[in-house]
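The values are calculated or read from the model by the stated rules, or taken from the named source; none is laboratory data. Owing to the predicted nature of the structure, the values given are computational and were not obtained by experimental measurement. Note that each Cβ is placed from the backbone with ideal geometry, even for glycine, and that neighbours are counted across all protein chains shown.
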């Protein structure tokens, strides 16, 4: 699986990237803003994106998720801004912060399995958002 990581916190990005790569996945990024996220998505065609909502440079992860969805990359929010994620509804699922990097691996694997027609298993930390079925068409 190819994962686009949109996270402005370098330590979180490094920990999640390490766990994903240790599990055999390819990590693209981290992107710290919408422009770099879309550029990386265009270049690498990720299977899924893990997107923080509160990006430190002023960019809005909700808008980043909307832009990624428009280019066919299903986003999963990883954020402490859970209410905003639920209201935004432009992502497949939510992984609330704080979370263990291993939870990100389990959650993203579950999301990709469902998007490919399979079943989600082993990701109790993951909250499926209301509009996720509409994102499968991409």
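Things to note:
For (1) in contact with a helix residue (DSSP H, G or I) (Cβ under 9 Å, 6 or more places away or on another chain); (2) within 19 Å of residue 122 (Cβ to Cβ); (3) assigned to a helix (DSSP H, G or I), each residue gets a yes or a no:
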residue: 38; (1), (2), (3): yes, no, yes
residue: 43; (1), (2), (3): no, no, yes
residue: 50; (1), (2), (3): yes, yes, no
residue: 64; (1), (2), (3): yes, no, yes
residue: 85; (1), (2), (3): yes, no, yes
residue: 90; (1), (2), (3): yes, no, no
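- Filter result for the condition that a residue is within 12 Å of the chain's Cα centre (by Cα) and part of a loop (DSSP other than H, G, I, E, B), over 105, 73: 73
- Here region 1-17 is the region considered, the condition is being in a helix (DSSP H, G or I) and touching a helix residue (DSSP H, G or I) at 6+ places or on another chain (Cβ under 7 Å), and the residue that is farthest from residue 72 (Cα to Cα) is 15.
- Filter result for residue 112 (closer than 19 Å to residue 27 by Cα, surrounded by 15 or more Cβ atoms within 10 Å (Cβ to Cβ) and either in contact with a strand residue (DSSP E or B) (Cβ under 9 Å, 6 or more places away or on another chain) or at pLDDT 90 or above (or both)): yes
- Verdict on residue 30 being crowded, with 22+ Cβ neighbours inside 10 Å, under 20 Å from residue 12 (Cβ atoms) and at pLDDT 85 or above: yes
- Positions within region 1-27 being without any contact (Cβ under 8 Å) to a residue 40 or more places away in the chain, closer than 16 Å to residue 111 by Cβ and surrounded by 20 or more Cβ atoms within 10 Å (Cβ to Cβ), in sequence order: 27
- All of 91, 80 fail the test of being touching a strand residue (DSSP E or B) at 6+ places or on another chain (Cβ under 9 Å) and over 25 Å from residue 117 (Cα atoms), apart from 80.
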